[in-house]
Each structure stands twice: as structure tokens, then as C-alpha cells.
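Right, one structure below, let's go through it.
The values are calculated or read from the model by the stated rules, or taken from the named source; none is laboratory data. Treat the numbers as computed from the prediction; the structure is a model and nothing was measured. Because the Cβ atoms are built from the backbone with ideal geometry, glycine has one as well, and the counts that use them run over all protein chains shown. In case anyone asks, the SASA skips ligands and DNA or RNA and just uses the protein heavy atoms, side chains included. Shrake-Rupley method; radii C 1.70, N 1.55, O 1.52, S 1.80 Å.
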Amino acid sequence: MSTRQRRLNRLCLPLTILIAFIGGCADLKKSKPILPIREYEKMIVGNLYADYVGTQNCLAACHEHDKLKLSFDASTMGAQLKKESGMPLVDCESCHGPGSLAIKGLTREMVEMNAAKGIKTACDFKTLIDLKNLPATAQSLTCLKCHTVNATFNLHNWNAGLHALNEVSCFDCHDIHAGPDLKVTPLASGRLCFSCHQAAQAQFSLPSHHPLKEGRVFCIDCHNPHGGFADHNLHQDTVKETCVQCHPDKRGPFLYEHADVMDNCANCHSPHGSVNNKLLNAREPFLCLQCHEGHRLNTEEGGSASAERARAFYTRCTDCHSTLHGSDVPSTSGGGRFIR
Ligand code: HEC
Ligand code: HEC
Ligand code: HEC
Ligand code: HEC
Ligand code: HEC
Ligand code: HEC
Ligand code: HEC
Ligand code: HEC
Ligand code: HEC
């Protein structure tokens, strides 16, 4: 290799890094800028030249949205009335913005005449807020103007959550017009979550898994879809607290604790699923051998060759150490060896 070639080679790595760096910057530039919240608020004000006309007027001329209106009226949101006026508290324009321009010039007669000719009459929906194409933050603000932290306590960590931070909006999970049920039922949540979290879907299909598909455990038992301060949007502060909700026998405190290993169940278990029995991260004895040495038993009385050979080749440490999650019963030597 000539010196020149060698010098070129030496340049190669820094160059690749530089190019990768510039490439990275270009990507950053492409990603959407984060605007001050005021900017998002402006996007959901609606058309400044339009007036509010009320749901009755919105729908008076045509029946195109009858089914949608029926479902909406039957929903908790649609059923809310203003005490003083008896008028709906939430109506079409609460989200879609003022609608006078959209229905301007539309009359029942015109709609019916068109219908007779087989023509569908649409309102001028381009004058309404383009909810579908708003940035996620603005979409969520549409809902958050009513579902404030005080009104909907469940949402008080929304802004700190990984969904809000990653441009997932309320609309992505709550299909307002799908039917009268605005909430996502636990059973439906699995399908909903899987639509974006394919890795989790794969994990729940592994031979050992929490019975999610069987309908006994749900994503939202462990995760808060509305975000939280805990890692991974967990409902509880820690992994252990999450798990002992349903496995209280593992909560402790025990007289003999398995050190602080037990503070994080994920040290040994994969919460969604695993190829190994009991959701274990690794098979025994390898799971234990990550932190412990294999051992032989005390062979003082009647020490035999077979015990010697057993030195490090136990296959299941838990055959003897069956209370490894913690125990109140001392072992024969008086220590806590997690042997019943
Ligand atoms: C709580 C907020 C909210 C209210 C109240 C509301 N909508 Fe909507 N509407 C939405 C959202 C969100 C979308 C869907 C945007 C998207 O596709 O992402 C939507 C979409 C629509 C669509 C388009 C449907 C489609 O299939 O593309 C129509 C039509 C509509 N709404 C009519 C109405 C009417 C009529 C009312 C009053 C009875 C109403 N909306 C009340 C939030 C609302
Ligand atoms: C104009 C005010 C207003 C707006 C805007 C609004 N909501 Fe609501 N929403 C309410 C009220 C009032 C209720 C009924 C009381 C309650 O359950 O808090 C409600 C109920 C709900 C419920 C059902 C709660 C339950 O326990 O059954 C869901 C889900 C919901 N809203 C989601 C949304 C989403 C998503 C948006 C944005 C597309 C939105 N809301 C926009 C006022 C509003
Ligand atoms: C990742 C999916 C997801 C997103 C995003 C999401 N939700 Fe929800 N939401 C759910 C699920 C699942 C439930 C039902 C389970 C529960 O109560 O935790 C629910 C329940 C609710 C309820 C009824 C329960 C309650 O706390 O009163 C309201 C209201 C609500 N969501 C509003 C919103 C609003 C407003 C937003 C946006 C700021 C939003 N949600 C974003 C999935 C989501
Ligand atoms: C039994 C409780 C439990 C259930 C049910 C559960 N999760 Fe998890 N999930 C966890 C825990 C605990 C972690 C954190 C794991 C860690 O710390 O290594 C996690 C991590 C995650 C992560 C982060 C990436 C990863 O794999 O580490 C995603 C995404 C996730 N869960 C999505 C889901 C979805 C979607 C569902 C429903 C289909 C679901 N989870 C059901 C407990 C659960
Ligand atoms: C519209 C797509 C979408 C839907 C629907 C959705 N998520 Fe997410 N979720 C995301 C994105 C994007 C992120 C952030 C990137 C990531 O970590 O995967 C995220 C992050 C998460 C995390 C944190 C992952 C981590 O690395 O710690 C959890 C947990 C989670 N989602 C659970 C859920 C659950 C439970 C549901 C159903 C109620 C759900 N998601 C529905 C898109 C979605
Ligand atoms: C919502 C309740 C719930 C939560 C929360 C929960 N589990 Fe479970 N867990 C179950 C159910 C139900 C089973 C199945 C029991 C059965 O089939 O007898 C199970 C089974 C298990 C099993 C045995 C699997 C097998 O193959 O026998 C392990 C290990 C386990 N869970 C660990 C955890 C860990 C670790 C966490 C925290 C990340 C956790 N669980 C959180 C409900 C829960
Ligand atoms: C040091 C590793 C380790 C840690 C940490 C750990 N486990 Fe386990 N767990 C195991 C092993 C190994 C088994 C299998 C035992 C067997 O096959 O008899 C098991 C089995 C289980 C089972 C099913 C059998 C039973 O005893 O009910 C549950 C449920 C369980 N663990 C929950 C938890 C919870 C909850 C935590 C956190 C508080 C946790 N584990 C922490 C190693 C661990
Ligand atoms: C993540 C590391 C880790 C894993 C995995 C682990 N342990 Fe431990 N274990 C510890 C620590 C740390 C201690 C406390 C050591 C001490 O106090 O000397 C401990 C203590 C013990 C003790 C009691 C020792 C004593 O001196 O009292 C036994 C027995 C034990 N572990 C068995 C197991 C078995 C069986 C497994 C596999 C199912 C396992 N451990 C998996 C870290 C681990
Ligand atoms: C045939 C039963 C048996 C098997 C299998 C077994 N052990 Fe033990 N283990 C014991 C006994 C008995 C003691 C001593 C108990 C006492 O001192 O009271 C012990 C003690 C220990 C201790 C504490 C050692 C010390 O020096 O204080 C650790 C750590 C341990 N075992 C880990 C393991 C691991 C890891 C495995 C799997 C590779 C395993 N054991 C398999 C029976 C067993």
C-alpha cells in the first residue's frame, strides 16, 4: 500500500463520520419544528369570518350526517347540556370551528333538488378547521381545551408522556365518529395499540406470554396511554409496583430478600412475553449464572463422587431455591438461601 493510499484510508473514517453527521442534520431539519403553544392555539380558532350557527343549523339542510349525529348524541360528550340554557355543551362546532360559511347558501330545497338528480350536496367544509391535517399538538389541543387537567384527571401527565412527545394525538386513539362509545374499551385497546406497536404484538405471540390475546390482561393494565412520568408510560412508578398489582405475593418485604434484584422484575422477566418458560429472560441455570457461580452441595456427611460431578451442572436452580422471590423462612444453615 502506498503512503498516499494509507493517508487516504486514514481520512476515510473521519470523512464517513462527517458525512453521517451532515446527513443527520439534514434529517433534523426535515423534522417538524416545535412551535410555541400559542401558534398551535391559533390553528384551532377556526375561520375568523365565520359565525357559530349551532348544530341544528349545521344539520338542518341535509341528512348526510344523520347517523353521525345520532351516535354523537348518544355519547357522553353529546349528552352534556349547559345547565342554564339546555343547549348542548359540546356540539359540532366545538371541534370543527364556526360553520356559517360552510352552510352559506345551502337550502333544504336545493339539497333535495340535487338529490333528485342524483347529485350529493356537500357543505363548503374547506371553511371549517382542517382537523385531519393539523399537527398532532394542535389536534390534541382541540380536545384539551375542554379536557383540561382539572376536568379529566387521567390526562394530567399527557404532555410529559411519550405519545404527546412523539406526535401521537388524541385523534389517533379516539375515533370520535366511530360510534357512541368514545372510550377505548380494554379489549379494543390491544388491537389499537398493536396497530402501531408491532414489536409488542410479536412479544405477546411468544410461547410464554401474559394472557393478553386470551383477554385476561390488557396493555392499559400496565401502561397509561395518556402518558406519565414513569419510564415506558407505566401506570405505577416502578416496574415492581406495576407487577405486584396482580402478583401481590411477590411484593414483600421479606425477612430474606433477594437483594435489590427484586426491585426490578424485568431483571429476570420479559413483561410481554418470552421464548422461555415463565416469561424468563434466559433459561435456567443461565439466568442465575449471570450473577452467581454454580456450586456443589456440602458433602461432609457421605461426600460422594456424584455430588462432586454435580459441581456446576444443575439445570434448574429453582428445584432447590424455590423461594427466590423472597422468603420469611430461614434455610437449614439459618441463612436466607431461598430454600423452603
Ligand atoms: C369532539 C370533537 C368533535 C365533535 C364535537 C364533532 N366532531 Fe366531527 N370530527 C372530529 C374529528 C377529530 C374528525 C376526524 C378527523 C380525522 O379524520 O382525523 C371528525 C370528522 C368529521 C367528519 C368527516 C368524517 C369522515 O369520515 O371523514 C364529519 C362529516 C364530521 N366530523 C361531522 C361532524 C358533525 C356533523 C358533528 C356534530 C354532530 C361533529 N362532527 C362533531 C371531531 C369532532
Ligand atoms: C367543548 C368541550 C369538549 C371538547 C372540545 C371535547 N370534549 Fe370530550 N367530553 C366533553 C364533556 C363535557 C364530556 C362528558 C363528561 C366527561 O366524561 O368528562 C366529554 C367526554 C369525553 C369522553 C368520554 C369519557 C367517558 O368517561 O365516557 C371521551 C373519550 C372524550 N370526551 C374525548 C374527547 C376527544 C378525543 C376530544 C377531541 C377530539 C374531545 N373529547 C373534545 C367535552 C369536550
Ligand atoms: C395511545 C392511545 C390514546 C391516546 C393518544 C389518547 N387516549 Fe384517551 N384513552 C385511551 C384508552 C385506551 C382509554 C380507556 C382506558 C383508560 O381509561 O385508561 C382512554 C380513555 C380516555 C377518556 C375517558 C377516561 C377518563 O379519564 O375519563 C378520556 C376523556 C380520554 N381518553 C381523552 C383523551 C384525550 C383528550 C386525549 C388527547 C389529549 C387522549 N385521550 C389521547 C387511549 C388513548
Ligand atoms: C404485564 C404488564 C404489561 C402489559 C400487559 C403490557 N406491557 Fe408494555 N411494558 C411493560 C413493562 C414493565 C415495560 C418495561 C420493560 C423494561 O423495563 O424492560 C414495558 C415496555 C413497553 C414498551 C417499550 C419498548 C419495550 O419493548 O421495552 C412498549 C412500546 C410497550 N411496553 C407497549 C405495550 C403494548 C402495546 C401493550 C399491549 C399490547 C403492552 N405494552 C402491554 C409491561 C407491560
Ligand atoms: C398512532 C400510533 C400509536 C398508537 C395507536 C399507540 N402508540 Fe404507543 N407509541 C407511539 C409512538 C410513536 C411512541 C414513541 C416511540 C416509541 O417509543 O416507540 C409510542 C410510545 C409508547 C410507549 C413507550 C415506549 C418506550 O420506549 O418506553 C408505550 C409504553 C406505548 N407507546 C404504549 C401504547 C399503548 C398501551 C397503546 C394503546 C392504548 C399505544 N401505545 C398506542 C405510537 C402509538
Ligand atoms: C393485570 C394483572 C397483571 C399484571 C399487572 C401483571 N401480571 Fe403477570 N400474570 C397475570 C396473569 C393473569 C397471569 C396468568 C396466570 C395464569 O395463567 O395462571 C400472569 C402470569 C405471570 C407469570 C407466569 C407465566 C407463566 O408462564 O406461568 C409471570 C412470570 C408473570 N406473570 C410476571 C409478571 C411481571 C414480571 C409483571 C410486571 C411486569 C406482571 N406479571 C404483571 C396478570 C398480571
Ligand atoms: C432473580 C430473578 C427473578 C426476579 C428478579 C423475579 N423473578 Fe419471578 N421468577 C423467576 C424464576 C426463575 C421463576 C420460575 C420459577 C419456577 O419455574 O418455579 C419465576 C416465576 C415467577 C412467577 C410464576 C410462578 C409463581 O411463583 O407464581 C411469577 C408470577 C413471577 N415470577 C413474578 C415476579 C415478580 C412480580 C417479580 C418482581 C417483584 C419477579 N417475578 C422477579 C425469577 C425471577
Ligand atoms: C441480576 C443478578 C442476579 C440474578 C439474575 C440472580 N441473583 Fe441471586 N442474588 C443476587 C444478589 C446481588 C444476591 C445477594 C448476594 C449477597 O447478599 O451476598 C443474591 C442472592 C442469592 C441467594 C442467597 C445467597 C445468600 O448468600 O444468602 C441465592 C440462593 C440466590 N441468589 C439464588 C439465585 C437463583 C437460584 C437465581 C436464578 C433463578 C438467581 N439468584 C438470580 C443477584 C442475582
Ligand atoms: C440440589 C439443590 C440445589 C440446587 C439445584 C442448587 N442449589 Fe444453591 N444451594 C443449595 C443449598 C442446600 C445451599 C446452602 C443452603 C444453606 O446454606 O442453608 C445453597 C446455597 C446457594 C447459594 C449461597 C451460597 C453461599 O455461598 O452462601 C447460592 C448463591 C446458590 N446456592 C445459588 C445456586 C445457583 C445459581 C444454582 C443453579 C446453578 C443453585 N444454587 C442450584 C442447594 C441447591
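Just to confirm, what accessible area per residue do you get for the range 43-147 at 1.4 Å probe, in whole Å²?
In whole numbers, the range 43-147 has 65 Å² accessible per residue.
Here the range 156-203 exposes an accessible surface that is 59 percent carbon and sulfur, computed with a 1.4 Å probe and the other protein chains kept in place.
The heavy atoms of Asp73 offer some 70 square angstrom of accessible surface to a 1.4 angstrom probe. Extension gain, Leu68 to Asn281: 0.36 nm times the residue separation minus the Cα-Cα distance gives 71.9 nm. Charge dipole (Cα centre; +1 on Lys/Arg Cβ, -1 on Asp/Glu Cβ; no other charges) of the range 43-147 amounts to roughly 160 debye.
On the protein heavy atoms, probe 1.4 angstrom, tell me the percent of accessible surface of the range 242-293 carried by carbon and sulfur. Walk me through the numbers on the way to the answer.
On the way: 1990 of 3480 Å².
Solvent-exposed carbon and sulfur of the range 242-293 make up 57 percent of the total.
Partners of Lys120 within straight-line reach, counting lysines whose Cα lies under 17 Å from its Cα and excluding those fewer than 8 residues away in the same chain: Lys67, Lys104. Between the amide H of His223 and those of His235, distances stay under 5 Å, these residues lying 5 or more places away or on another chain, with hydrogens modeled in the peptide plane. Modelled this way, with points 7 Å down the Cα-to-C-beta line, the labels at Glu214 and Lys104 are 6.2 nm from one another.
To put it simply, the accessible area of the range 43-147 at a 1.4 Å probe is 61 percent carbon and sulfur. In sequence order, the range 83-89 has phi-based couplings of 4, 4, 9, x, 7, x, 7 Hz under the Karplus curve 6.51 cos²θ - 1.76 cosθ + 1.60, θ = phi - 60°, and Gly or Pro positions carry x.
Using R0 = 35 Å, the C-beta based FRET efficiency linking His235 and Leu89 works out to 0.75. Extension gain, Ser322 to Asn264, is 19.0 nm, computed as 0.36 nm per intervening residue step minus the present C-alpha separation.
Shown here for the range 173-234: chymotrypsin sites (Phe, Trp or Tyr not before Pro) in loop regions (DSSP other than H, G, I, E, B) with at most 14 other Cβ atoms within 10 Å, namely Phe229.
To the nearest 0.05, what FRET efficiency results for Met113 and Tyr52 with a Förster distance of 22 Å applied to their C-beta separation? Computed FRET efficiency for Met113 and Tyr52 comes out at 0.20.
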